[in-house]
Amino acid sequence: MFKFIKGLPQNVLGIEASGKVTHEDYRKTLIPRAEAMIAQGPIKMLYVIGKDFTGFGIEAMWDDGMFGIKHWHDFSHIAVVADQNWLRAAVVIFKPFFQGEVRLFKLSELAAAKDWIGGAKSAAA
């Protein structure tokens, strides 16, 4: 499931994943909000993978990949906050495919991730 993170700058999409993330979570929660924000120009994303995250459904993995391909150039900065080693490794593997800057943080560094993503300067700025 996805939960939006409040209290971030207007151009930052903050989302926390918990439990099992499904196709419905992407189609009804993440994608509509992200595309509405992207319509205004490139955005930043804070993506937190919570301690109680149990994984992605197969359709959710597909949705994530297709959304990423469609919008790879629409994110100026991405902060991924996760303690799961396999997720951190996946971010490192796919990091070169993103046009924007991607940084990894541990859950204990969430405040630093929020500071970084909130203060990161967009290429257009």
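The numbers here are math on the coordinates, done by the rules we state, and not lab data. The shown structure was predicted, so the numbers you read here are calculated from the model rather than taken from an experiment. Counting neighbours? That spans all protein chains shown, and the Cβs are built from the backbone with ideal geometry, glycine included.
Here are some notes:
- Qualifying residue in the range 25-46 (condition: part of a loop (DSSP other than H, G, I, E, B), within 18 Å of Lys3 (Cβ to Cβ) and touching a helix residue (DSSP H, G or I) at 6+ places or on another chain (Cβ under 9 Å)): no
- Candidate set from the range 49-64 (those that are touching a Ser or Thr at 6+ places or on another chain (Cβ under 9 Å) and not in a helix (DSSP H, G or I)); member that is nearest to Arg103 (Cα to Cα): Ile49
- Where Ile117 falls short, out of the listed (1) in contact with a Pro (Cβ under 9 Å, 6 or more places away or on another chain); (2) under 19 Å from Met1 (Cα atoms): (2)
- Residues (touching a residue at least 40 places away in the same chain (Cβ under 8 Å) and more than 16 Å from Val48 (Cα to Cα)) located in the range 75-125: Ser76, Gly100, Ala120, Ser122, Ala123, Ala124
- Test result for Ala90, small (Gly, Ala, Ser) and more than 17 Å from Gly119 (Cβ to Cβ): yes
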